[in-house]
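Below is one structure; the comments refer to it alone.
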């Protein structure tokens with residue numbers, strides 16, 4: 001067993017303002033994505049100006065925040081928020097959904113395409129390789145918060161999380177599994193795959209498939225939200241349910257892309 005590094009979730013306490021590591025992790029992820037997209041945009045293959053990249057990052061950031069929050073509300077705790085509607089805007093209390101954030105980013109990309117006369121899947125292919133950076137940094141923020149831990153484990157790297165709900169027993173550090181799979185490994189795969197011209201939709205399809213598979217895998221050891229629990233058979237979770245369409249849609253996009261062979 002490895003000792004959990006009990007880090008204060010508040011990175012900086014100014015009294016009237018508390019800056020959390022979770023928020024910092026999102027900011028760092030967005031800044032890294034912005035820097036890499038400026039590099040990608042300068043390549044003739046993509047043809048995105050620095051101004052367009054900055055606008056795209058801004059719209060995507062709004063999509064992540066709005067979509068992620070609404071996704072958390074709708075997918076994971078709708079009955080509670082129907083009774084406490086004002087708490088929907090209480091972002092300081094946490095509660096963000098990747099799948100909701102993804103839908104928010106899709107909406108942001110649609111708006112960007114309308115404004116700059118770009119094609120939707122050309123843009124999603126452009127940004128897909130950098131998305132895992134934000135996912136990985138966000139999972140590190142979850143780890144620092146000591147939330148979204150996994151089930152009981154006797155593996156050498158199991159940890160005892162400080163949350164009383166964790167029961168004081170060694171558990172899978174599922175946040176780190178996700179940071180590794182959905183963050184680092186998925187980034188390497190997508191960055192390598194997109195280093196050469198690929199058919200339109202292929203990169204987007206690979207991202208959806210890769211994230212869906214990795215998230216589905218981790219859900220086997222990640223404990224579901226207590227107020228939701230398992231949806232069926234004592235192992236099916238909401239994360240699995242939401243990731244399955246991503247896997248299927250990713251495969252469909254990938255197949256269509258290589259059949260059409262329209263190169264980015």
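A short reminder: the numbers here are calculations on the coordinates, not readings from a lab. Quantities reported herein were computed from a predicted structural model and do not represent experimental measurements. All Cβ positions, glycine included, derive from the backbone under ideal geometry; neighbour counts span all protein chains shown.
As for the stretch 21-34, it holds no residue that is in contact with a strand residue (DSSP E or B) (Cβ under 9 Å, 6 or more places away or on another chain) and outside any helix (DSSP H, G or I).
Could you list, in sequence order, all residues of the stretch 35-60 that are within 30 Å of residue 240 (Cα to Cα) and free of Cβ contacts under 8 Å to residues at least 40 places away in the same chain? Within the stretch 35-60, 57, 58 meet the criteria.
Can you tell me which residue within the stretch 1-20, out of those that are assigned to a loop (DSSP other than H, G, I, E, B) and touching a helix residue (DSSP H, G or I) at 6+ places or on another chain (Cβ under 7 Å), is farthest from residue 168 (Cα to Cα)? Spell out the reasoning first.
We begin by selecting, within the stretch 1-20, every residue assigned to a loop (DSSP other than H, G, I, E, B); these are 1-9, 14-17.
In the following step, the residues that additionally are touching a helix residue (DSSP H, G or I) at 6+ places or on another chain (Cβ under 7 Å) were identified as 7, 9.
Numbers: 7: 17, 9: 19 Å.
The residue in question is 9.
The rows are residues; the columns are (1) within 16 Å of residue 257 (Cα to Cα); (2) in contact with a helix residue (DSSP H, G or I) (Cβ under 6 Å, 6 or more places away or on another chain); (3) free of Cβ contacts under 8 Å to residues at least 24 places away in the same chain.
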site	(1), (2), (3)
148	no, yes, no
152	no, no, yes
158	no, no, no
161	no, no, no
168	no, no, yes
196	yes, no, yes
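Mind checking whether some residue in the stretch 133-142 is surrounded by 17 or more Cβ atoms within 10 Å (Cβ to Cβ), part of a loop (DSSP other than H, G, I, E, B) and touching a residue at least 24 places away in the same chain (Cβ under 8 Å)? It would help to see each step written out before you state the result.
Going through the stretch 133-142, the residues surrounded by 17 or more Cβ atoms within 10 Å (Cβ to Cβ) turn out to be 133-142.
Next cut, part of a loop (DSSP other than H, G, I, E, B) only: none.
No; the residues of the stretch 133-142 include none that is surrounded by 17 or more Cβ atoms within 10 Å (Cβ to Cβ), part of a loop (DSSP other than H, G, I, E, B) and touching a residue at least 24 places away in the same chain (Cβ under 8 Å).
Would you say residue 73 is surrounded by 16 or more Cβ atoms within 10 Å (Cβ to Cβ) and farther than 30 Å from residue 230 by Cβ?
The answer is no for residue 73.
When only residues in the stretch 225-246 that are surrounded by 19 or more Cβ atoms within 10 Å (Cβ to Cβ) and out of contact with any strand residue (DSSP E or B) (no Cβ under 9 Å at 6 or more places or on another chain) count, which is nearest to residue 45 (Cα to Cα)? Lay out the reasoning, then the answer.
The first filter runs over the stretch 225-246 and keeps only residues surrounded by 19 or more Cβ atoms within 10 Å (Cβ to Cβ), leaving 237, 239-240, 242-243, 246.
Okay, now just the ones that are also out of contact with any strand residue (DSSP E or B) (no Cβ under 9 Å at 6 or more places or on another chain), so 240, 242-243, 246.
Working: 240: 35, 242: 33, 243: 31, 246: 27 Å.
The extreme case among them is 246.
Of everything in the stretch 214-224 that's crowded, with 20+ Cβ neighbours inside 10 Å and in contact (Cβ under 8 Å) with a residue 40 or more places away in the chain, which residue is nearest to the chain's Cα centre (by Cα)? The selected residue is 215. The set of residues in the stretch 143-172 that are surrounded by fewer than 22 Cβ atoms within 10 Å (Cβ to Cβ) and within 30 Å of residue 203 (Cα to Cα) contains only 148.
Restricting attention to the stretch 113-131, the residues that are in contact (Cβ under 8 Å) with a residue 60 or more places away in the chain, farther than 12 Å from residue 64 by Cβ and assigned to a helix (DSSP H, G or I) add up to 11. Residues that are surrounded by fewer than 19 Cβ atoms within 10 Å (Cβ to Cβ) and on the phi > 0 side of the Ramachandran plot do not occur anywhere in the stretch 198-213.
Scanning the stretch 227-263 for residues that are in contact with a helix residue (DSSP H, G or I) (Cβ under 7 Å, 6 or more places away or on another chain) and under 17 Å from residue 72 (Cα atoms) yields 228, 231, 237, 238, 239, 240, 242, 243.
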